[in-house]
Amino acid sequence: MKKFLVDYAGAADESHMPRLPMIFTLTPCGSEKTLRFMQWLGFDIPAWLENDLSKTHDILSRSLEVCRTLAEEILEFAGGLRIPVGFNMESVAIRREEIEASLDLVRSVRKLQQKGSPRATPGSPSL
């Protein structure tokens, strides 16, 4: 993600084009079954994350923590490159708690964007 954003910012500078908004998708995972389904769908889940989620007692809480951290990191990094970013939150599960976790993630990331902190890019698209 960081390499892509750096390459994108460089290409925009070289071509004297405005930086268009980038949309990132975050998807919480609440169970081993959902994790396997996400892999089947083609999600590229790093081995460290798969291992971390598999060993925790509360996959959903840990997954939400990882998603929030990623959102913060994306906002901060993209903001430093003056690239506006937005987020798409999805739930690939039919379990109510995982769907509600996606909604909780929307609220959490929206707060990050609205803080106006250095992590948020002014003019970023909304959720």
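The values are calculated or read from the model by the stated rules, or taken from the named source; none is laboratory data. Remember, predicted model here, so these are calculated numbers, not experimental data. For neighbour counting, all protein chains shown are included, and Cβ atoms are generated from backbone atoms with ideal geometry for every residue, glycine included.
Those residues that are closer than 13 Å to Phe24 by Cα, at pLDDT 90 or above and in a loop (DSSP other than H, G, I, E, B), I need them from the stretch 68-115; list them, please.
Of everything in the stretch 68-115, those that are closer than 13 Å to Phe24 by Cα, at pLDDT 90 or above and in a loop (DSSP other than H, G, I, E, B) turn out to be Ile83, Pro84.
I'd like the full set of residues that are closer than 27 Å to Tyr8 by Cα and free of Cβ contacts under 8 Å to residues at least 24 places away in the same chain, limited to the stretch 81-106. Reasoning before the result, please.
So the first thing to find is which residues in the stretch 81-106 are closer than 27 Å to Tyr8 by Cα, and the list is 81-90, 105-106.
Once the filter is applied, which keeps residues that are closer than 27 Å to Tyr8 by Cα and free of Cβ contacts under 8 Å to residues at least 24 places away in the same chain, the stretch 81-106 yields only Val106.
So which residues in the stretch 78-113 are within 16 Å of the chain's Cα centre (by Cα), among the small types (Gly, Ala, Ser) and closer than 23 Å to Pro21 by Cα, if there are any at all?
Ala78, Gly79, Gly86, Ser91, Ser102, Ser108
Every residue in the stretch 1-27 that is surrounded by 12 or more Cβ atoms within 10 Å (Cβ to Cβ) and part of a loop (DSSP other than H, G, I, E, B), please.
Those that are surrounded by 12 or more Cβ atoms within 10 Å (Cβ to Cβ) and part of a loop (DSSP other than H, G, I, E, B): Met1, Arg19, Pro21, Thr27.
Please specify each residue of the stretch 28-66 satisfying the condition of being surrounded by 12 or more Cβ atoms within 10 Å (Cβ to Cβ) and of a type in the set (Gly, Ala, Ser).
Gly30, Ser31, Ser61, Ser63
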